[in-house]
1. Taking amide H positions as placed in the peptide plane 1.01 Å from N, state which residues far from F74 in sequence (5 or more) or on other chains have amide H under 5 Å from it.
2. Within the stretch 117-167, list the chymotrypsin sites (Phe, Trp or Tyr not before Pro) lying in a DSSP loop whose Cβ has at most 16 other Cβ atoms in a 10 Å radius.
3. So, in Å, what gap is there between the alpha-carbon centers of the stretch 17-34 and the stretch 44-119?
4. Could you derive backbone 3J(HN,Hα) for the stretch 221-229 from the dihedral phi with the Karplus parameters 6.51, -1.76 and 1.60 (θ = phi - 60°), listing whole Hz in sequence and x where the residue is Gly or Pro?
5. Just want to confirm a number: the relative contact order over the chain, from Cα pairs under 8 angstrom separated by 6+ residues, in percent.
6. Let me have the 222 nm mean residue ellipticity of the chain computed from DSSP H runs of 4+ only, each contributing -39500 (n - 2.57), with the sum over all residues rounded to the nearest 500.
7. Which order do the peptides 21-33, 210-222, 64-76 come out in when sorted by mean C-beta neighbours inside 10 angstrom, highest first?
8. What list of ³J(HN,Hα) values in whole Hz, one per residue of the stretch 115-120 in order, does the Karplus curve 6.51 cos²θ - 1.76 cosθ + 1.60 (θ = phi - 60°) give from phi, with Gly and Pro shown as x?
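A short reminder: the numbers here are calculations on the coordinates, not readings from a lab. No experiment lies behind these values; they were computed from the predicted model shown. Please note: Cβ atoms are built from the backbone with ideal geometry, for glycine as well, and neighbour counts cover all protein chains shown.
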Amino acid sequence: MNRPESRHTEKISSDAMTLEVLPELGASILNLRAASGRPVLRDVALADVQTSSQCASFVLLPFSNRIRDARFTFGGQEVQLRANTRDGLAQHGDVRNRPWTVRRASDSHLICTFDSRDFDDMNWPWAFTALMEYRLHGPHLDTTVTLTNVDTRDMPAGMGLHPYFERLQDGIDPTLTFDAPLTYDTDERSLTLGGAREVRPGEDYRAPAHIGGREIDRTFTAWDGIARLDWSETGHPERAVVQTADNVYSHLVVFTAPDGNLALEPVSHATDAFNLAARGVGGVDMRVLSPGQNLAGTVRITLEGKW
C-alpha cells in the first residue's frame, strides 16, 4: 500500500463545498468541507489515513456491513469468503481499499469506476463492476453508486455508504432526526438475530433527540430516506445538514464512532441479510442481480443555514 503522503487526491468544488477524494483508496472521501473551511464530514488529515476506515466516508460493495462467519448459502451452494475482522466476519465488501479509475467530468463532477476482473484476489466469487459519481451543485453533494453484475450467474447484491459526520460544531452537540419505526436485535458481534421489530423508547428518532453520551450501533428499517442533524443554541446561528437517499437505501445504520463523530449509513439491506434471507426472514432486502442487471441509487448531502 502506498504511503499516505504519496497518494493522489482528486478535488472538486462548488460555491458551497469542496470535496477531496482518494481514488487509490476505494474512491473514498478524504474530506468534505463548506466553502468557509468548516468540516461537514469528519475532518481528516491525509497523513493519518492508512485504510478507508480513517477516511471521512467510504463505499460498501458488493454488500454492506457484516456477514456471519464470512459465509452464506446462495442458490443451494455454500459461499465461503475470507474473514476480514478479528471476530471472523466478512465486513463492508471488498472495494473500499482498492484503487479505482478516475474520469473527471468537470470541476464539480467526478466519476470513478471499478472492475473486479482487474484483481485476482477479490473476496467475492462473482464478477462485477461499480461506478461512483460525485457531483457538487448549489448546497448539495450527490453521490451516485451503480453496481452491475458482469458474471454469467445470478449474484446476491447490496451496497451502502459509510459517511462520518463532524458531530460537534462550535461545541454544540446536534439533534438527530429520522423517520424509521423498525429496528433489529443483534448479538455480541452486531449480527442481526431475526426480523425487524418496532423501535422502543430511546431508539426512536422520529422526534429530534440529542445523542449525548449514548453509544449507538443500530440498524433501522422502514426508513423514509431522510436524516437530519441540527445545531442551534442561543447566541449561535442555526446550522443543519440533511442526508436524503433513494428508495434502494431501505435501511439506515447509526453508529457513534470512537472519535466522537456520527456515522449515518444509508444501506440497501439488513446486516447479514444473505444468511437471514436463506433462513426465510422477510424484509431484509437482499437483492439478486441477473447477469447484466444493476443496483443503483443516489444519496444527497445538503447544507442549510450558515456554514
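1. Hits under the 5 Å cutoff: V79.
2. On the way: sites: F119, W126, F128, Y134, Y164, F165; in loops: F119, W126.
Hits after loop and neighbour filter: F119.
3. 15 Å
4. So the Karplus estimates, Gly and Pro as x, are 9, 6, 6, 7, x, 10, 9, 9, 10 Hz.
5. Working: 782 pairs, mean separation 56.2, N = 307.
Taking the mean separation of contacting Cα pairs over the length of the chain, I get 18 percent.
6. Here the helix-only value at 222 nm equals -500 deg cm²/dmol.
7. Working: 21-33: 24.8, 210-222: 15.2, 64-76: 18.4.
The peptides rank, most packed first, as 21-33, 64-76, 210-222.
8. Ordered by residue, 3J(HN,Hα) equals 9, 4, 6, 7, 10, 9 Hz.
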